[in-house]
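Visitor: Before I ask anything, here is the structure I am working with.
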Amino acid sequence: TQLLEQSPQFLSIQEGENLTVYCNSSSVFSSLQWYRQEPGEGPVLLVTVVTGGEVKKLKRLTFQFGDARKDSSLHITAAQTGDTGLYLCAGEGGNKLVFGAGTILRVKS
Amino acid sequence: DTAVSQTPKYLVTQMGNDKSIKCEQNLGHDTMYWYKQDSKKFLKIMFSYNNKELIINETVPNRFSPKSPDKAHLNLHINSLELGDSAVYFCASSQVGQGISYEQYFGPGTRLTVT
């Protein structure tokens, strides 16, 4: 069974601070996706990383896929209150996605 | 334009009842899914259908029966509802193919509360 461990589970920071969320597994994934979910809504895809070592940037968000394609990180620079939400990583394997348990991010003004 | 829509948004019902949730996608995707998100926000796949054919059934009780009348619709019927069925159910769709990642487009969710 493929499992994804996400850490931390909860993060509360001040506006302007930087943060990193980690997603780790002992399994290799074909790709890894990051989603953001706001209260009362469905998850929305932020990015997909496919190649080992790949780095993708989305404004203040930087996503990295581990060289062995078993882990990934999401780094947010100068967090804003609008970044508040649930961040989910999901690994693709066996014709389905396996989701991590999520990181609840709260950015305070 | 709503890409993936679900009805109803909220569903409150008593134990033992039977209920259905409907899902429609207008993205032209060939694969649709049902996920369950528990109170701890853990998202777990239940079923997936590709062109109306069941592909994944993740050890979900027989009380849950998905139905896909066409590739744009995937409904979920639940018999004899139990307290433990209370959760948020998400429908999603994706386009599956060679070299294409399983990027999911989620609906807004249906919050099911069983009392």
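Visitor: Would you work out what percent of the accessible area of chain A, with all protein chains in place, is carbon or sulfur (probe 1.4 Å)?
Guide: With neighbouring chains kept in place, the figure for chain A is 48 percent.
Visitor: OK, next. Using only C-alpha positions, report the orientation-averaged shadow area of the convex hull of chain B, nm², one decimal.
Guide: 7.0
Visitor: Interface size between chain B and chain A, please: total buried accessible area, 1.4 Å probe, rounded to the nearest 100 Å².
Guide: Chains B and A together bury roughly 1600 Å² of accessible area.
Visitor: Also, I was wondering about something else. So for each of A:27-34, A:92-99 I average, over its residues, the number of other beta carbons within 10 Å; can you give me the resulting order with the highest mean first?
Guide: A:27-34, A:92-99
Visitor: What is the spread of the Cα atoms of the protein assembly as shown along each of their three principal axes, largest first, in whole Å?
Guide: Largest to smallest, the principal-axis extents are 48, 41, 36 Å.
Visitor: May I ask you to evaluate 6.51 cos²θ - 1.76 cosθ + 1.60, the Karplus curve with θ = phi - 60°, for each residue of region B:49-63 and list the ³J(HN,Hα) values in order in whole Hz, giving x for glycine and proline?
Guide: Residue by residue, region B:49-63 yields 10, 10, 6, 6, 9, 5, 10, 10, 9, 8, 6, 8, x, 4, 5 Hz.
Visitor: Another question, if that's okay. For region A:5-108, max minus min Cα coordinate along each principal axis, in Å, sorted largest first?
Guide: Sorted from largest, the Cα extents of region A:5-108 read 38, 28, 20 Å.
Visitor: Could you state the accessible area per residue of chain B in Å², with a 1.4 Å probe and every protein chain left in place?
Guide: That works out to 51 Å² for each residue.
Visitor: Please say if region A:42-94 is rounded, prolate or oblate, where rounded means a/c under 1.5 for a ≥ b ≥ c the square roots of the C-alpha gyration tensor eigenvalues, and otherwise the choice is prolate for a/b larger than b/c and oblate otherwise?
Guide: Oblate, because a/c is 1.5 or more while a/b does not exceed b/c.
Visitor: Can you run phi through the Karplus equation (6.51, -1.76, 1.60; θ = phi - 60°) for region A:3-9 and list ³J(HN,Hα) in whole Hz, with x for Gly and Pro?
Guide: For region A:3-9, the Karplus curve yields 10, 10, 9, 10, 8, x, 6 Hz.
Visitor: On to the next question. So who's got an amide H within less than 5 Å of the one on B:ILE55, skipping anything under 5 residues away but keeping other chains? H placed 1.01 Å off N, in plane.
Guide: When sequence neighbours closer than 5 places are left aside, the close amide H contacts are B:SER48, B:TYR49, B:ASN50.
Visitor: Is there a simple number for the mean count of other chain Cβ atoms within 10 Å of the Cβ of residues in A:18-26, and what is it?
Guide: Shielding by partners across A:18-26 averages 0.
Visitor: Enter the mean number of other protein chain beta carbons within 10 Å of the beta carbon of each residue in A:30-42, as an integer.
Guide: Per-residue shielding by partner chains comes out at 4.
Visitor: To continue, here is another question. Taking beta carbons within 10 Å but only from partner chains, what does the mean come to for residues A:78-88?
Guide: Per-residue shielding by partner chains comes out at 1.
Visitor: Which of A:GLY94, A:GLY42, A:ALA78 sits closest to the plus end of the dipole of region A:25-109, meaning its Cα is farthest towards the positive end, when Lys and Arg get +1 and Asp and Glu get -1 on the C-beta?
Guide: Highest projection toward the positive end goes to A:ALA78.
Visitor: So for A:LYS70, A:LYS59, what's the accessible-area order with a 1.4 Å probe, most first?
Guide: Solvent-accessible surface, decreasing: A:LYS59, A:LYS70.
Visitor: Given the C-alpha centroids of region B:1-74 and region A:86-102, what is the distance between them in whole angstrom?
Guide: Answer, in whole Å: 17.
Visitor: With every protein chain present, what accessible area does A:CYS23 have (1.4 Å probe, heavy atoms only), rounded to the nearest 10 Å²?
Guide: 0
Visitor: Right, here's the next one. Taking only protein heavy atoms and a 1.4 Å probe, what accessible area per residue, in Å², does region A:1-85 have with all protein chains in place?
Guide: 52
Visitor: Then there's this: Build a GNM of chain A with springs between Cα atoms under 10 Å: which of A:SER12, A:SER73, A:SER25 gets the top mean-square fluctuation?
Guide: A:SER12
Visitor: Next question. I'd like the Karplus ³J(HN,Hα) series for region B:104-111: coefficients 6.51, -1.76, 1.60, θ = phi - 60°, whole numbers in Hz, and an x wherever there's a Gly or Pro.
Guide: Using θ = phi - 60°, the values come out as 9, 10, 9, x, x, x, 10, 8 Hz.
The values are calculated or read from the model by the stated rules, or taken from the named source; none is laboratory data. Small disclaimer: the values here were computed from a predicted structure and weren't measured. Glycine also receives a Cβ, built like all others from the backbone with ideal geometry; neighbour counts cover every protein chain displayed. Areas reflect the complete protein model, heavy atoms only, side chains present, ligands, DNA and RNA absent. Shrake-Rupley method; radii C 1.70, N 1.55, O 1.52, S 1.80 Å.
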